[in-house]
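Participant: Sharing a structure here in C-alpha cells format.
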Amino acid sequence: MPVFDLSVTPLREFNQALHDIKDGANDTAFEVVNPRGHHSVAVGIDAPVSVEVKGSVGYYCAGMNDGGTVTVHGSAGPGVAENMMSGTVVIEGDASQYAGATGRGGLLVIKGNAASRCGISMKGIDIVVHGSIGHMSAFMAQSGNLVVLGDAGDALGDSLYEARLFVRGSVKSLGADCIEKEMRPEHIEALGALLEKAGVSDAKPEDFKRYGSARTLYTFNIDNADAY
C-alpha cells in the first residue's frame, strides 16, 4: 500500500497518483498521513481505489468521487464529497457545511454531526449522518436520500423537490414546501437497506419520520414521476 505523507509530499503529487491509475494497476489502496487539514484531498477519483486518510481534512475532500472508497479518520471541512458520482465516502468525525452538495450518486456516511446545508441540491446521492445536522439541510434537494439519526435544524428541506428525508430525532422547523409524509412499507424496506449499507446497527427504520415535498412550488405531474 503506497503511503503519502503530506507533511513532506505535495498534495498535487498524491492527487495526480490517483488520477494516473489505469485498469489493471497493482496499487489500488492508498494511505495518507499528516493531512494537516489540507484542502481537496483525494479529489476527482475515477477508479475503484480505496484511500485511508489518517487525520482531519479541509475543504472539498473526495469531491467529484466516481467509484472510489475514501475514509477520513478525523473530521472534514466544507463541501466533503461535493458532486460525488459514485463510490463511498466515510467521515469518522464531524463534517462542516454543505456536505454532499450536488451529489449525484454514491454513499456519504458521516459518523459525527454535519453542519448547515448538508445535502444542498443533492441529485441522487445517499447521505447517512449518525449525529445531527444544521439549518437549511437538503435545500432544493432533487433526488436521493438524506438519513439523520440525530436531530435536524431549522428549515429542513426548504424548496425540496423529490429527495426523501428520514429523521429519527426532532426537527426544529421545516422549510418551504417540506412536509411530514407517511412511512409506507416500501420506505421502511428501502431505509432498512440503506442503514445496513451505512453500517448502522443501533437504529431501526421504524424509528424514523419521513419528510418530502408538498409539490406546491413547482409543476409536478404524477405521470412523469420517474423523471424526477
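Participant: For region 188-203: of the residues being part of a helix (DSSP H, G or I) and more than 19 Å from the chain's Cα centre (by Cα), which is surrounded by the most Cβ atoms within 10 Å (Cβ to Cβ)?
Facilitator: Per the criteria, the residue is Ile188.
Participant: Same structure, new question: Would region 208-227 turn up any residue that is of a type in the set (A, V, I, L, M, F, W, C), touching a Phe, Trp or Tyr at 6+ places or on another chain (Cβ under 9 Å), buried (at least 16 other Cβ atoms within 10 Å of the Cβ) and not in a strand (DSSP E or B)?
Facilitator: Yes, because at least one residue in region 208-227 is of a type in the set (A, V, I, L, M, F, W, C), touching a Phe, Trp or Tyr at 6+ places or on another chain (Cβ under 9 Å), buried (at least 16 other Cβ atoms within 10 Å of the Cβ) and not in a strand (DSSP E or B).
Participant: State all residues of region 153-173 that are of a type in the set (A, V, I, L, M, F, W, C) and within 11 Å of Ser137 (Cβ to Cβ); if no residue qualifies, say none.
Facilitator: Ala155, Leu156, Leu160, Ala163, Leu165, Val167, Val171
Participant: Hey, does region 62-71 have a residue that's within 14 Å of His38 (Cα to Cα) and not acidic (Asp, Glu)?
Facilitator: Within region 62-71, one or more residues are within 14 Å of His38 (Cα to Cα) and not acidic (Asp, Glu).
Participant: Just one of the numbered conditions (1) surrounded by fewer than 15 Cβ atoms within 10 Å (Cβ to Cβ); (2) in contact with a Gly (Cβ under 9 Å, 6 or more places away or on another chain) is not true of Pro35; which one?
Facilitator: (1)
Participant: Scan Glu180, Glu162 and give me the residue that is surrounded by fewer than 21 Cβ atoms within 10 Å (Cβ to Cβ) and not in a loop (DSSP other than H, G, I, E, B).
Facilitator: Glu180
Participant: Only residues that are outside any loop (DSSP other than H, G, I, E, B) and closer than 15 Å to Arg104 by Cα: list them for region 32-69, please. Let's see the steps before the verdict.
Facilitator: So in region 32-69, the residues outside any loop (DSSP other than H, G, I, E, B) come out as 32-33, 50-54, 57, 66-69.
Answer for region 32-69, where residues must be outside any loop (DSSP other than H, G, I, E, B) and closer than 15 Å to Arg104 by Cα: Asp66, Gly67, Gly68.
Since every read-out is calculated from the coordinates, none of them should be taken as a lab result. It should be emphasised that the depicted structure is a prediction, and the values quoted were computed from it without experimental measurement. Quick reminder, even Gly has a Cβ in these numbers, built from the backbone with ideal geometry, and neighbours come from all protein chains shown.
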